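Working notes, beginning with the structure itself.
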Amino acid sequence: MSDPKYAYPYPAQGYYQGPPVVAPPQYQYAAPPPRREPGFLEGCVCVSDLHTLILFPS
């Protein structure tokens, strides 16, 4: 305890007197995002892709 390399004495080692240590709470999975209807442009792109696949199969 009287080691000169420390500026202050450390408390004696012993039983932990602080609050009980517990694991952090387990959170539930995040809620899924709300469903939404595709917009007009998304529908146009989808239809365009389908037409391309039908007309030009690889």
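The values are calculated or read from the model by the stated rules, or taken from the named source; none is laboratory data. Computed from a predicted structure; not experimentally measured. FYI the Cβ positions are ideal-geometry reconstructions off the backbone, even for glycines, and counts take in every protein chain you see.
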### Message
Given the condition in a loop (DSSP other than H, G, I, E, B), surrounded by fewer than 10 Cβ atoms within 10 Å (Cβ to Cβ), at pLDDT 75 or above and among the acidic types (Asp, Glu), answer yes or no: does some residue in the stretch 1-12 qualify?
### Response
no
### Summary
Taking the stretch 15-58 and keeping only residues that are under 33 Å from the mean Cα position of the chain (by Cα) and hydrophobic (A, V, I, L, M, F, W, C), one is left with Val21, Val22, Ala23, Ala30, Ala31, Phe40, Leu41, Val45, Cys46
